[in-house]
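Student: Dumping the structure here so I can ask a few things about it.
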Amino acid sequence: MKKLIYIANIRLPTEKAHGIQIMKTCEALGISGVKVKLVTPTRINVLATDPFIFYGVNNNLLEIEEVYVPDTIHFGKGGSVVQSALFFVRILFLAIHEEGDTVFYSRDKFIVILLALLGRKIFWEAHSGSAGILTRLATRMPRGVIAISQGIKKDLVRYRQYDKKIIVAHDGVDLKQYNISKSKEETRKQLGLPLDRKIITYSGSLNLYSWKGTDVFIEAARLFDPQIYLFLLVGGSQEDILWMKKVTESAPVLFVGQQLPENVPLYLRASNVLVLPNKKGDVISECYTSPMKLFEYMASEVPIVASRLPSIEEVLSDDNSCLVEPNNALELAVGIRKVVMDEQYSRNIATQARVDVLNYTWSKRAEIIINFIKF
């Protein structure tokens, strides 16, 4: 049987998006017939939930093994270095004792380089195309590289002579979570949201001045009548929300905080417009990102207004979304109004997005990876 060991130096479960991406990728590989083991370090975790329950993943399709290392991360940067080094040592011993035909897989450049030096069959999942010696080695040394965007692949091919050893597998979505039978009104009642306002939603990180564009979203919110529109932010810790509220007091914005993965589809379903306001001026935003929320938005069959950036246009187009100039709150507001006011246009782009997202499921992603690895 095909066997793959996914090595991830992460806290599991985690409120961060990479936890969903890793668990869903592993589950999809398991569904495709691969025997998958996810190896993580022991970590102190305030989320005491079973990872399989937290992420809604079938525990018959994936094995999770925690290897013990002291959790020194809370000691700061030095503690993180110590924790990583100890985890690498444990992985070294694990790799030495594994069968020779086992496939290893990781997002961690250090681990990829280490196992490549051991001669193991290791693949790197690249989430950045940034320069540097580690990136060059992690591109050249493993059996192959799985990039999450065309922008990353374009940057990495300069480090590897044969670009056939680098493929693109965008992030994905679990469509089952978006087969919601309840109407928009029923969903709003369940969530305690107003029935009489247009709800414009952003889901994800609440870092106000990051490349994800929440500041542009909030600035655009100030241009709308709060009696008619409600701008909804889904995500962020309690500390994030308290800080954000202080700087957005006059904006018609509602913060609902970090939600369990199973609740996010309900908030998207309750919305009139979903916004992806990524900013230009940052290479991650412009070229590297493959945001999971993009595919979740598409699956929800709610119209999308998004920034016109190369990373976003790898998936979205004028046929399945309303693309607007990035870093421009006024243009974002114009796009939102267009979608809200033109019901036929809104239905058309939302329907097309739902059709197009069939190419971006976790199972499609697993298929691309398996065909590339060639067990």
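Student: Along the charge dipole of the chain, Cβ charges K/R +1 and D/E -1, which of Gln258, Pro51, Leu86 sits furthest on the positive end?
Tutor: Leu86
Student: Just the number, please: carbon plus sulfur as a percent of the accessible area of the chain, 1.4 Å probe, no ligands or DNA/RNA counted.
Tutor: 53 percent
Student: Separate question: At 1.4 Å probe radius, can you tell me the per residue accessible area of region 1-114 in Å²?
Tutor: 46 Å²
Student: Per residue, how much accessible area does region 263-375 have with a 1.4 Å probe, in Å²?
Tutor: 39 Å²
Student: Can you list residues whose amide H is under 5 Å from Lys121's amide H, if they're 5+ apart or on another chain and H is modeled 1.01 Å from N?
Tutor: Those qualifying (amide H under 5 Å, at least 5 residues apart or on another chain) are Phe104.
Student: If you line up the Cα atoms of the chain on their principal axes, what length do they span on each, largest first, in Å?
Tutor: 64, 42, 39
Student: On to the next question. Would you mind telling me which residue in Leu29, Leu86, Leu268 has the biggest mean-square fluctuation in a Gaussian network model of the chain, where springs connect alpha carbons within a distance under 10 angstrom?
Tutor: Leu86
Student: On average over all directions, what projected area in square nanometres does region 22-142 have, based on the convex hull of its Cα atoms?
Tutor: Over every viewing direction, the Cα hull of region 22-142 projects on average to 8.5 nm².
Student: For region 185-190, what does the Karplus curve 6.51 cos²θ - 1.76 cosθ + 1.60, with θ = phi - 60°, yield as ³J(HN,Hα) per residue in whole Hz, taken in order and with x for Gly and Pro?
Tutor: Computed from phi, the couplings for region 185-190 are 5, 4, 5, 4, 4, 4 Hz.
Student: Run the helix sum for the chain: -39,500 (n - 2.57) per DSSP H stretch of 4+ residues, divided by residue count, reported at 222 nm to the nearest 500 deg cm²/dmol.
Tutor: -11500 deg cm²/dmol
Student: Quick one: net charge around Ile44, please, counting Lys, Arg +1 and Asp, Glu -1 for every other residue with C-beta under 14 Å from its C-beta.
Tutor: Counting the neighbours of Ile44, the net charge comes to 0.
Student: Scan around Ser307 for amide H atoms under 5 Å from its own, H built in the peptide plane at 1.01 Å from N, and keep only partners 5 or more places away or cross-chain.
Tutor: Hits under the 5 Å cutoff: Leu276, Asn278, Val324.
Student: Okay, next question. Between helix 329-341 and the chain, what is the angle of the helix's C-alpha long axis to the longest principal axis, kept within 0 to 90° and rounded to the nearest 10?
Tutor: Approximately 70 degrees, to the nearest ten.
Student: When we measure straight from the Cα of Lys16, which aspartates and glutamates land under 16 angstrom away, once same-chain ones fewer than 8 places off are left out?
Tutor: Asp50, Asp171, Glu239, Asp240, Glu262, Glu296
Student: While we're looking at this one, here's another question. Would you rank His97, His18 by solvent-accessible area, highest first, keeping every protein chain in place and using a 1.4 Å probe?
Tutor: His97, His18
The values are calculated or read from the model by the stated rules, or taken from the named source; none is laboratory data. No experiment lies behind these values; they were computed from the predicted model shown. All Cβ positions, glycine included, derive from the backbone under ideal geometry; neighbour counts span all protein chains shown. All accessible areas refer to the heavy atoms of the entire protein, side chains included, with ligands and DNA or RNA removed. Shrake-Rupley method; radii C 1.70, N 1.55, O 1.52, S 1.80 Å.
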